[in-house]
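Just so you know, all these numbers are worked out from the coordinates, no wet-lab data involved. These numbers come from a predicted model, not from an experiment. Backbone-built Cβ (ideal geometry, glycine too); neighbour counts: all protein chains shown.
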Amino acid sequence: MSDVYIMTTIIDRKNSKKYIDLYKKDKLEVMYITLGEGTARGDILDYLGLEASEKMVIFNFVQQHDWMLTKKNLQRKLQIDAPGEGIAFLVPLSSIGGKRTLQFLLDRQELPESEESTLKDTTYELIVAIADQENLEMVMDAARGAGAYGGTVIHAKGTGMEYAEKYLGVTIAAEKAMIFIVTKKDQKNSIMKAIMEQAGMQEELQELLDELKDSLGDMEMPE
């Protein structure tokens with residue numbers, strides 16, 4: 001899945017609307033948006049042409065050809081390459097838990113045909129789990145049970161959540177928790193599997209089936 005990336009954009013909060021509007025025009029509907037604050041030293045800010053200010057961080061999921069178009073629009077329409085305008089960068093994904101999840105994250109983008117790939121020469125990898133706020137502990141319990149030591153949580157607002165019902169069959173809340181877990185490479189698959197089985201869509205569907213069975217069991221059958 002070397003063609004799929006997490007795109008991260010860090011910009012001044014006052015400029016966030018024009019970036020969000022641009023991404024929606026580029027068909028990047030599903031976004032996770034959170035607030036941030038720069039902590040870099042003054043000399044680093046000077047080198048990057050940035051000022052110390054309140055930031056907006058936007059996460060998207062993109063493919064290489066979509067990134068090339070968006071990158072061009074960022075440069076031409078928003079001048080992101082000018083000093084002080086912000087930064088945007090990609091982080092490659094080696095796998096995503098489930099085809100329907102991939103369809104949701106890449107809504108209106110043509111799905112890649114490539115299989116799951118393995119990142120080369122890595123000792124540690126980053127797992128990103130996105131969940132409703134109330135399911136945060138469920139995700140972390142599953143991850144710890146599979147060997148994870150802990151994680152970092154970012155509280156974000158999701159956009160494009162209406163597409164979840166189309167691809168996942170459920171309605172999900174806009175307020176999200178993004179859990180970042182750094183793990184050894186050989187533990188990644190077991191941790192991802194545990195999260196998917198214990199806190200993923202399969203768990204929610206099973207709970208719905210159990211509730212349905214209980215409801216049917218309580219009904220009086222006609223004679």
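Note the full-extension length gain between Leu35 and His65 as 0.36 nm times their separation in residues minus their Cα-Cα distance, in nm to one decimal.
Here the segment from Leu35 to His65 would lengthen by 8.0 nm.
May I ask you to order 10-17, 176-183 by the average number of other C-beta atoms within 10 Å around their residues, highest value first?
176-183, 10-17
Among the listed pairs Lys17/Lys71; Lys55/Lys157; Lys157/Lys185, which are separated by more than 22 Å between their Cα atoms?
Lys157/Lys185
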